[in-house]
């Protein structure tokens, strides 16, 4: 995972904060959003959150565990690939936040523009 973090350090608008047990990747977007991606050092999972001036507008997480006897190394490589794809897509995409009014609360939808099309943001970049 150290190699991935070193590669990602050159991503525009990204800062890396190394903590005792995690890395935090912070990506600022011109739309007033800050994305924080938390990657634990020793656990095969990661988290992403988007915040604006009013608070959290989106979050998601992924974990990796063997389904078909995959090795820890294979799972770690899959996770690194997913994180790298997400960070690259996020850093190069336009982002928009829309609000949908429900009965007693407002729900935020975060979209990104990939390959010319708006779609819901996802940790799985296809």
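The values are calculated or read from the model by the stated rules, or taken from the named source; none is laboratory data. These numbers come from a predicted model, not from an experiment. Here the Cβ is made from the backbone with ideal geometry for all residues, glycine too, and neighbour counts use every protein chain on show.
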Residue list for region 10-40, filter: modelled with pLDDT of 95 or more and either exposed (fewer than 13 other Cβ atoms within 10 Å of the Cβ) or assigned to a helix (DSSP H, G or I) (or both): 15, 17, 18, 19, 20, 21
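Name the residues in region 53-78 that are in a loop (DSSP other than H, G, I, E, B) and either farther than 25 Å from residue 107 by Cβ or in contact (Cβ under 8 Å) with a residue 24 or more places away in the chain (or both), would you?
Initial filter on region 53-78 (in a loop (DSSP other than H, G, I, E, B)): 53-54, 64-71.
64, 65, 66, 67, 68, 69, 70, 71 - these are the residues of region 53-78 that are in a loop (DSSP other than H, G, I, E, B) and either farther than 25 Å from residue 107 by Cβ or in contact (Cβ under 8 Å) with a residue 24 or more places away in the chain (or both).
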Subset tally (residues that are free of Cβ contacts under 8 Å to residues at least 60 places away in the same chain, under 17 Å from residue 110 (Cβ atoms) and within 14 Å of the chain's Cα centre (by Cα)) for region 1-37: 6
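Out of curiosity, is residue 61 within 13 Å of the chain's Cα centre (by Cα) and surrounded by 13 or more Cβ atoms within 10 Å (Cβ to Cβ)?
Values: within 13 Å of the chain's Cα centre (by Cα): yes; surrounded by 13 or more Cβ atoms within 10 Å (Cβ to Cβ): no.
When the stated conditions are applied, residue 61 does not pass them.
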